[in-house]
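The values are calculated or read from the model by the stated rules, or taken from the named source; none is laboratory data. What you see is a predicted model; the values in this text were computed from it and never measured. Cβ coordinates were reconstructed from backbone atoms using ideal geometry, including for glycine residues, and neighbour counts include every protein chain displayed.
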Amino acid sequence: MRILPILWALLLLMLQGVTGLSPPRASAQDCERRGGFCSLRSCPPGIGRVGLCSQQEFCCRMRWYP
C-alpha cells in the first residue's frame, strides 16, 4: 500500500505532457481577434490577462471589453 502514492504521483507526472492538460498556446493573431494585445512578462495595471501569446508573452485585454 505504500507504493500507491508513488505510482499516483508518477502517473500525474506522465499525464502533464498529454495534449489538453497543458495550458493552451495562442498566437498574436488569436489574441488580437479576442480584442487583446500581447505584453511581455505582465499586463499593465487595470488590464486583465486573458491568455498566452508565447512562453513569455501574455494576451492582455481591458476587463470591460465585451
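What pairs can you find where one residue is in segment 9-34 and at negative phi, the other is assigned to a loop (DSSP other than H, G, I, E, B) and at pLDDT below 60, and their Cβ atoms are less than 9 Å apart, with a gap of 6+ or different chains? Hits for this filter: Leu15/Leu21; Gln16/Ser22; Arg34/Tyr65.
Taking segment 30-44, which residues are in a loop (DSSP other than H, G, I, E, B) and more than 12 Å from Glu57 (Cβ to Cβ)?
If we filter segment 30-44 for residues that are in a loop (DSSP other than H, G, I, E, B), which is where we start, we get 34-36, 41-44.
Hits for segment 30-44 are Arg34, Gly35, Pro44.
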